[in-house]
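Have a look at the structure below, then the notes.
Any read-out appearing in this document is the output of simple, stated calculations on the displayed coordinates, not a laboratory observation. From a predicted model like this one, the values you see are computed outputs, not experimental measurements. All Cβ positions, even for glycine, are placed from backbone atoms using ideal geometry, and neighbour counts span all protein chains on display.
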Amino acid sequence: MSILDEFLLTDKVAIVTGASSGLGVAFARALAEVGASVVLGARRTDRLASVAAEIEARGGRALAVHADVADPGSCSALAGAAMAEFGRLDILVNNAGLGTAYPASRETPEQFRSVIDVNLGGSYWMAQACGRVMLPGSSIVNISSVLALTTAGLPQAAYSASKAALMGLTRDLAAQWTGRKGIRVNAIAPGYFATEMTEQYAPGYLDSMRSRMLIPRMGRLEECAATLVWLVSPAGGYVTGQTIVVDGGVSIT
């Protein structure tokens, strides 16, 4: 068997949340490219349909499902849709996320809770729904952030707290499920990639961060997607409870 075969996901089924843009689209494309059937979840169903059509045009299998991960019932419905369509569920990518930049002295309870409900609560409810039906050999990846490990000159208390909490959630779910259920649970902490979130930054902000990038450029979406494929495939089969940082060195500067 070739080492490249270790990265194949033939006959596997994956859910990707937040699959309507940015890293979510890159994750879905990459999983389909290595053989997985992909269930795409997000609130913007028009964009989901476009991503699903693209994957199917390339010979893959995709299902677009409206989902609001802040709602536990919607999370259960998304997992149920995957089971109904494909009969199994092997991979969950908790990518749905919400970013804000409110000064801590002025952030309202509603603003703070909205971020926590999606970034942390949504990942937990999705993991719970999927963990109930996943078989041994399955894999969950939570998408954290470099801001779980460092600060970056913006007032992002809610976002940073939610992403740091995801790292703790990853460790605990791995401790609970890897030995007992055979489900590996890991996280990826991306740095700066071209997404809708980075498009909202003020002019000049990303240039100001470049001095902290040991690899002096923004990441390519494919680089983060390749890390995901490794983690969920047999190639990453001995890795659990870890957060893999893909940030060009920002978190160590």
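Against the longest principal axis of the chain, how steep is helix 22-33, in degrees 0 to 90 to the nearest 10, with axes from Cα atoms?
20
Given that compact globular proteins tend to follow 2.2 N^0.38 Å, what is the ratio of the alpha-carbon Rg of the range 10-245 to that value? Please list the in-between numbers first.
On the way: Rg = 16.9 Å, N = 236, 2.2 N^0.38 = 17.5 Å.
Scaled against compact globular proteins, the figure is 0.96.
If neighbour count is taken as other Cβ atoms inside 10 Å, put Arg180, Arg29, Arg61 in order from fewest to most. Mind showing how you got there, number by number?
Values: Arg180 9, Arg29 21, Arg61 16.
With the sparsest Cβ surroundings first, the list reads Arg180, Arg61, Arg29.
At a Förster radius of 35 Å, what calculated FRET efficiency corresponds to the Cβ-Cβ distance of Met83 and Gln200, to the nearest 0.05? Could you put the intermediate results ahead of the total?
Values: r = 36 Å, r/R0 = 1.02.
Computed FRET efficiency for Met83 and Gln200 comes out at 0.45.
Helix 122-131 against the longest principal axis of the chain: what's the angle in degrees, Cα atoms only, rounded to the nearest 10?
The two axes meet at around 20 degrees.
Specify whether the C-alpha gyration tensor of the range 26-154 places it in the rounded, prolate or oblate class, a ≥ b ≥ c being the square roots of the eigenvalues: rounded for a/c under 1.5, otherwise prolate if a/b is larger than b/c and oblate if not.
On the way: a/c = 1.94, a/b = 1.71, b/c = 1.13.
It is prolate, given that a/c is not under 1.5 and a/b is the larger ratio.
Mean separation of Cα pairs under 8 Å and 6+ residues apart, divided by the residue count of the range 1-111: what relative contact order is that in percent?
Numbers: 175 pairs, mean separation 32.4, N = 111.
Across the range 1-111, relative contact order equals 29 percent.
Could you pull out every residue, at least 5 positions away or on a different chain, whose amide H is within less than 5 Å of the one on Ala36? Hs are placed 1.01 Å off N in the peptide plane, and Pro or chain starts have none.
Result for Ala36 returns Leu9.
Quick one: Ser37, Ser144, Ser74, Ser251, fewest Cβ neighbours within 10 Å first, how do they rank? Show your work: numbers first, answer last.
On the way: Ser37 24, Ser144 28, Ser74 20, Ser251 17.
Ordered from fewest to most neighbouring Cβ atoms within 10 Å, Ser37, Ser144, Ser74, Ser251 come out as Ser251, Ser74, Ser37, Ser144.
Using the Karplus curve 6.51 cos²θ - 1.76 cosθ + 1.60 with θ = phi - 60°, work out ³J(HN,Hα) for each residue of the range 171-187 in order, rounded to whole Hz, and write x for Gly and Pro.
With coefficients 6.51, -1.76 and 1.60, one gets 4, 5, 5, 4, 5, 6, 10, 5, x, 7, 10, x, 9, 7, 10, 9, 9 Hz.
Please identify, among Thr170, Thr17, Thr227, the residue showing maximal mean-square fluctuation in a Gaussian network model of the chain using a 10 angstrom Cα cutoff.
With Cα springs under 10 Å in the chain, the top fluctuation among Thr170, Thr17, Thr227 is at Thr227.
Show me the ranking of peptides 18-26, 204-212 by mean Cβ neighbours inside 10 Å, starting with the highest. Could you put the intermediate results ahead of the total?
Numbers: 18-26: 24.6, 204-212: 13.0.
Ranked from most to least packed, the peptides come out as 18-26, 204-212.
Can you list residues whose amide H is under 5 Å from Leu92's amide H, if they're 5+ apart or on another chain and H is modeled 1.01 Å from N?
Ile15, Ser139, Ile140, Val141
Please work out the C-alpha center-to-center distance from the range 186-247 to the range 93-112 and express it in whole Å.
Result: 20 Å between the Cα centres.
Tell me the angle of helix 221-232 to the major Cα principal axis of the chain, expressed in degrees between 0 and 90 and rounded to the nearest ten.
Between the helix axis and the principal axis of the chain, the angle is about 50 degrees.
For the chain, with the dipole built from +1 on Lys and Arg beta-carbon atoms and -1 on Asp and Glu ones, taken about the Cα centre, which of Met209, Ser2, Ala148 lies farthest toward the positive end?
Among Met209, Ser2, Ala148, the one farthest towards the positive end of the dipole of the chain is Ala148.
Quick one: what are the phi-derived ³J(HN,Hα) couplings along the range 196-206, Karplus 6.51/-1.76/1.60 with θ = phi - 60°, whole Hz, x for glycine and proline?
In residue order, the calculated couplings are 4, 5, 5, 5, 8, 5, 5, x, x, 5, 5 Hz.
Could you tell me whether the range 119-159 comes out rounded, prolate or oblate from its Cα gyration tensor? Rule is a ≥ b ≥ c as square roots of the eigenvalues, rounded for a/c under 1.5, then prolate if a/b exceeds b/c, otherwise oblate.
On the way: a/c = 6.96, a/b = 2.51, b/c = 2.77.
Because a/c hits 1.5 or more and a/b fails to exceed b/c, the range 119-159 counts as oblate.
Using just the helices of the chain, give the 222 nm mean residue ellipticity in deg cm²/dmol: DSSP H runs with n ≥ 4 each add -39,500 (n - 2.57), and the total is spread over all residues, rounded to 500. Don't jump to the answer; show the numbers that get you there.
Working: 9 runs with 104 residues, N = 253.
About -12500 deg cm²/dmol.
Listing Phe27, Phe112 from the residue with the fewest other Cβ atoms within 10 Å to the one with the most, what is the order? Let's see the in-between values first.
Values: Phe27 30, Phe112 18.
The fewest-first ordering by Cβ neighbours comes to Phe112, Phe27.
Amide H neighbours of Val245 under 5 Å, counting only residues 5+ apart in sequence or on other chains, H built in-plane at 1.01 Å?
So Val245 has HN proximity to Ala189.
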